[in-house]
Every structure is written in structure tokens, then in C-alpha cells.
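K.L.:
Below: one structure in C-alpha cells.
The values are calculated or read from the model by the stated rules, or taken from the named source; none is laboratory data. Only a predicted model underlies this, so the values are computations on that prediction, with no experimental measurement involved. Don't worry about glycine lacking a Cβ; one is built from the backbone with ideal geometry, like all the others, and counts go over all protein chains shown.
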Amino acid sequence: MPQISIPPEVGRTLYLLAKISGATRILELGTLGGYSTICLARALPSTGKCFTIELNAEHARFANNLDEQVTVIVGDASKQLEILAQSGERFDFFFIDADKPNFDHYLEKAISLAAPNAVIAMDNLLYFGDSVLDETNDNPILAKLRQVNQTLAQDPRIESMLLPIGDELGIAKVKSV
Ligand SMILES: C[S@@+](CC[C@H](N)C(=O)[O-])C[C@H]1O[C@@H](n2cnc3c(N)ncnc32)[C@H](O)[C@@H]1O
């Protein structure tokens, strides 16, 4: 298992954000061994549910059976998001922590699956420190993260901020229409 879980301060922040927002249906992208999943699921009321999507079957197996409130969905996040959308699912808290080259797509999907006033958290928005800010660095992942930061800052459907913890945690609230 690679050591790429969120650090404890990000775990605590996610827990509190989910708790304060009163989330009852949480969707996470990127389970790994389930550390962030546990932080999120602990914030749920007893009737709440946390769904977490993981591509790697071995990681998913490790996180499986965490708790009856947690469902681990094995598969590619894009495909699974499509399936959730087709079944009319809605979520009030999202944590996006998988597959950075598709972060823009995942943000868009989260907005479309959002219940009114949903919260979207995204990890690693200043991946590897300041390199995202260096526009001369044309690494495609950094370019994608620059684009996602811009969307978070400017998209009229959301209000957002960047929290300087971990690798920088983006937090957005979807505006009610
Ligand atoms: C940074 S780790 C997640 C860490 C976890 N959220 C935590 O803090 O404990 C990213 C995870 O996303 C998974 N992943 C990568 N690409 C994916 C995809 N396309 N769909 C779903 N999961 C993916 C990886 O296998 C890995 O387990």
C-alpha cells in the first residue's frame, strides 16, 4: 500500500467539514486503504452513508467491510460516476482524491451530482508545493491542477477557498439554484 493517504490534519478537517455541513450522503473518489473514508464516515449520523470509489481491487479489498455505513465501489471513477448519475443519486459531501489528470472532469461531475448546498473537497491542489504556480512548468498534471484551481476560484456555481493544509485542500460549496 503506497503511503499516500491524507495527513491527519486533513483527515480531521474533512471530518469536521462533513459534520458541520450535516452531510448524510458522502461520495469519495480514491479509497486507498480507507483512512480518509474512516474520517468521513465518522462524521455521519447513524442513518448516513459513505460511498467510496477505488480502481485498484487490492486497495478496495483492504478497505472493504469497514462499516455497514460504508460502501466501497470497485472501478474507474469516471465510469462509476456515470452509473451513479444514471441512477439519479445525489450527494451532499464529496472528497476527490484520485486520478489528478481527471480532476476537472470529477469536479464537473460532483457539481452535477450535488444535492443543494453540497460541499466538495479536493486534495493536492498545490501538488508538490509551488510547482502548480509556476506557469512555465508544462507538466500535464500541474497544468490540469492550474485549470482546476481556476475553476474553483471563478465558476459562478460554487464558492470556494484553498486551505493551506497538507498538499493544499480545496473546499467548495455548491450554490443553491
Ligand atoms: C491518494 S490515494 C487515496 C488516498 C485516500 N483518499 C486516503 O487519504 O486515505 C488515490 C487512490 O485513487 C485510486 N485511483 C487512481 N485512479 C483511479 C480511478 N481512475 N478511479 C478510482 N480510483 C482511482 C488509487 O488506486 C489510489 O488508491
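K.L.:
With 152, 126 as the choices, which residue is in a loop (DSSP other than H, G, I, E, B) and hydrophobic (A, V, I, L, M, F, W, C)?
P.N.:
Just one listed residue meets the conditions, 126.
K.L.:
Name the pairs whose Cβ atoms lie under 9 Å apart, with the first residue in segment 121-132 and within 13 Å of residue 143 (Cα to Cα) and more than 16 Å from the ligand (Cβ to nearest atom), the second assigned to a strand (DSSP E or B) and modelled with pLDDT of 90 or more, and 6 or more positions between them or separate chains?
P.N.:
Filtered contacts from segment 121-132: no entries.
K.L.:
Continuing with the same structure: Which residues, counting only those in segment 1-33, are near the ligand (Cβ under 10 Å from one of its atoms) and under 19 Å from residue 125 (Cβ atoms)?
P.N.:
Selection gives 4, 5, 6, 7, 10, 11, 14, 28, 29, 30, 32.
K.L.:
Moving on. Among 172, 153, which is at pLDDT 95 or above, surrounded by 12 or more Cβ atoms within 10 Å (Cβ to Cβ) and in contact with a strand residue (DSSP E or B) (Cβ under 6 Å, 6 or more places away or on another chain)?
P.N.:
Of the residues listed, the single one that is at pLDDT 95 or above, surrounded by 12 or more Cβ atoms within 10 Å (Cβ to Cβ) and in contact with a strand residue (DSSP E or B) (Cβ under 6 Å, 6 or more places away or on another chain) is 172.
K.L.:
If I go through segment 61-112 residue by residue, how many of them are buried (at least 20 other Cβ atoms within 10 Å of the Cβ), within 13 Å of the ligand (Cβ to nearest atom) and more than 24 Å from residue 47 (Cβ to Cβ)?
P.N.:
Count: 8.
K.L.:
Look at residue 132 and say whether it is under 15 Å from the mean Cα position of the chain (by Cα) and at negative phi.
P.N.:
So residue 132 fails the test.
K.L.:
Tally the residues that are in contact (Cβ under 8 Å) with a residue 24 or more places away in the chain and among the hydrophobic types (A, V, I, L, M, F, W, C), restricting the search to segment 142-167.
P.N.:
7
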